[in-house]
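Visitor: Let me give you the structure first, and then I'll get to my questions.
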Amino acid sequence: QMDGNAELAEISSQMFNEVLLRRRMDIEFHLRKALKLQEFKLVYQPVVEIHTSRVVGLECLLRWNNRHLGHVPPTEFIAIAEESGLIHEIGKWVLREACTQNQKWQKAGLPPMFVAVNLSRKQFNDCRLSLTIAEILEETGLEPKYLELEITESLSVDARLASDTLGELKKLGVRIAMDDFGTGYSSLGYLRDFPIDKMKIDKSFIKDLQNQTVNAVIVNTMITMAKHLNLLVVAEGVETEEELQALRAYGCRFVQGYYYSKPVEVQHIEEMLVHLI
Ligand code: C2E
Ligand code: MG
Ligand code: MG
Ligand code: MG
């Protein structure tokens, strides 16, 4: 009886792995053609200054809708784009699209806002990254101060390379934000070693900020530390009034999350800005 169960478990685990592998292959196959077929679009989520309720920037988030697979979330396809090397072309498209769009908004007379672009670890390890970004800024005419690059803590083991690349990017005049802060393995080392401008507190810390929870202590301490290090600080994933009030009390200046707005499609941005301000 026991052997039978073990055998069954073994078979179902094999089937499970095959399904996963199949899905991965399907995604990679369709991902290869996604740029050409114009299947990507960007949505934008506002970053709001708490004490003025002003939208100071927009983070762009990639969306992929494929004819066969339907909507595939970035948490699923970005990893596959990285492993297959497709992330370089996709990442360039995102950068160019976001800069072009921000320049359009400014030309249309919207209040000046930065656009934040997520960079993958792989893009960051590319030694031509700063050149590519300089070219995109030149092409689109966007002032560097209106571009922010979000990097994660799982960056690169090669600290020297990372440091050089960051130095070049800083020279261009763009801002560097550390995304998902607190979830990586060497958060504090990154703050010490790299020229970071902004800390984005990961959304997993923003739950249950009331009543002296562990999260409350951690978030409060992160904000204090950011201030002492002269870093801008944003709390991600703010969903409720209570969370906002707690963050305000801790002296957090910027927030992002469903409380103010979900990520919005380009054609609804102006409408959203009017309602928010
Ligand atoms: P991220 O950069 O940390 O982006 C924030 C994620 O949290 C987004 O998920 C956003 O939709 C979600 N979010 C925002 N506010 C709230 C909230 O109040 N509550 C909750 N529960 N979630 C909230 P999304 O769009 O699914 O993106 C997931 C991740 O995929 C991003 O995390 C980022 O790491 C990656 N990603 C997205 N677009 C790109 C891209 O263009 N390039 C690269 N390399 N990565 C990307
Ligand atoms: Mg981000
Ligand atoms: Mg994040
Ligand atoms: Mg993330």
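The values are calculated or read from the model by the stated rules, or taken from the named source; none is laboratory data. Computed from a predicted structure; not experimentally measured. No Cβ is skipped: glycine too gets one built from the backbone with ideal geometry, and neighbour counts run over all protein chains shown. Protein only, heavy atoms only, side chains kept; ligands, DNA and RNA dropped before computing areas. Shrake-Rupley method; radii C 1.70, N 1.55, O 1.52, S 1.80 Å.
Visitor: For the range 172-182, state whether one or more residues are surrounded by fewer than 17 Cβ atoms within 10 Å (Cβ to Cβ), outside any loop (DSSP other than H, G, I, E, B), of a type in the set (G, A, S) and within 16 Å of ligand 3 (Cβ to nearest atom).
Guide: no
Visitor: Considering only residues that are part of a helix (DSSP H, G or I) and surrounded by 14 or more Cβ atoms within 10 Å (Cβ to Cβ), look in the range 194-210 and name the one that is farthest from ligand 2 (Cβ to nearest atom). Full working, then the answer.
Guide: In the first step, residues of the range 194-210 are kept if they are part of a helix (DSSP H, G or I); the result is 203-205.
Next cut, surrounded by 14 or more Cβ atoms within 10 Å (Cβ to Cβ) only: 203, 205.
Values: K203: 10, F205: 15 Å.
Within the range 194-210, the match that is farthest from ligand 2 (Cβ to nearest atom) is F205.
Visitor: I'd like the full set of residues that are open to solvent by less than 90 Å² (accessible area, probe 1.4 Å) and charged (D, E, K, R), limited to the range 22-40. Steps first, answer last, please.
Guide: Of all residues in the range 22-40, those open to solvent by less than 90 Å² (accessible area, probe 1.4 Å) come to 23-24, 26-28, 30-31, 33-35, 39-40.
The answer is R23, R24, D26, E28, K33, E39.
Visitor: Just for the range 41-63: of the residues that are farther than 15 Å from N118 by Cα and away from ligand 3 (no atom under 16 Å from the Cβ), which one is surrounded by the fewest Cβ atoms within 10 Å (Cβ to Cβ)?
Guide: Going residue by residue through the range 41-63, those that are farther than 15 Å from N118 by Cα are 48-56.
Now drop any that are not away from ligand 3 (no atom under 16 Å from the Cβ), which leaves 49-56.
Numbers: E49: 14, I50: 18, H51: 8, T52: 10, S53: 10, R54: 16, V55: 21, V56: 17.
Going through the qualifying residues, I end up with H51.
Visitor: So which pairs qualify, if the first residue must be in the range 221-244 and open to solvent by less than 60 Å² (accessible area, probe 1.4 Å), the second must be in a helix (DSSP H, G or I) and more than 16 Å from ligand 2 (Cβ to nearest atom), the Cβ gap must be under 6 Å, and the two must be at least 6 apart or on different chains?
Guide: V233/I223; V233/A226; A235/L247; V238/L244
Visitor: Take the residues of the range 139-179 that are over 13 Å from I196 (Cβ atoms) and within 16 Å of ligand 2 (Cβ to nearest atom): which is modelled with the highest pLDDT?
Guide: Taking the candidates together, the pick is L147.
Visitor: Moving to a separate point now. For G167, are the conditions met, namely being in contact (Cβ under 8 Å) with a residue 12 or more places away in the chain, of a type outside the set (V, I, T), assigned to a loop (DSSP other than H, G, I, E, B) and out of contact with any Leu (no Cβ under 6 Å at 6 or more places or on another chain)? Steps first, please.
Guide: Values: in contact (Cβ under 8 Å) with a residue 12 or more places away in the chain: yes; of a type outside the set (V, I, T): yes; assigned to a loop (DSSP other than H, G, I, E, B): no; out of contact with any Leu (no Cβ under 6 Å at 6 or more places or on another chain): yes.
In short, no.
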